[in-house]
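Each remark here refers to the structure printed beneath this line.
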Amino acid sequence: MLKKPLLLLLFVPFLAFSLFVTFRDGYTGFISQVALAGGWNTQVFIDLCLSLLLLFGFIAKDCKTRGVASWPYLLLVMTTGSLGAFVYFLARPRQASSDSASASSSS
């Protein structure tokens, strides 16, 4: 898993660029200008959707394992794409290792 400083290094410029494009072209500009343009544009759009669907499954399972509600993160991924995934991985609580958990329960 990527360390948080590296995630932030990737997230901040991507967020800035995403905000710029959204303000310039509108929130749905991607659909008309890229996703429905045909050819490779449509293929990349479908690939992005499939990747986000796989990420949905990972986030839902990971949240369940960690005892965290997954719906806010899934909603964020659904509305913002990979920006929501960055937020999840930056906010993701650390899971205690089984060794430290067993050591604390035995004391």
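The values are calculated or read from the model by the stated rules, or taken from the named source; none is laboratory data. Just so we're clear, the structure is a prediction, and the values are computed from it rather than from any experiment. Glycine also receives a Cβ, built like all others from the backbone with ideal geometry; neighbour counts cover every protein chain displayed.
Would you check if Ala69 is at pLDDT 90 or above, touching a helix residue (DSSP H, G or I) at 6+ places or on another chain (Cβ under 9 Å), small (Gly, Ala, Ser) and exposed (fewer than 11 other Cβ atoms within 10 Å of the Cβ)? Yes; evaluated as a whole, the condition is true for this residue. When you check Thr28 against the structure, is it surrounded by 11 or more Cβ atoms within 10 Å (Cβ to Cβ) and of a type in the set (S, T, N, Q), yes or no? Against the criterion (surrounded by 11 or more Cβ atoms within 10 Å (Cβ to Cβ) and of a type in the set (S, T, N, Q)), Thr28 does not qualify.
For the residues Leu75, Leu54, Leu7, the requirement of being out of contact with any Phe, Trp or Tyr (no Cβ under 7 Å at 6 or more places or on another chain) and surrounded by 11 or more Cβ atoms within 10 Å (Cβ to Cβ) singles out Leu75.
So in the range 78-107, with the set limited to residues that are of a type in the set (D, E, K, R) and loosely packed, with under 10 Cβ neighbours inside 10 Å, which one is modelled with the lowest pLDDT?
Going through the qualifying residues, I end up with Asp99.
A residue that is aromatic (Phe, Trp, Tyr), part of a helix (DSSP H, G or I) and farther than 19 Å from Thr79 by Cβ occurs somewhere in the range 33-44.
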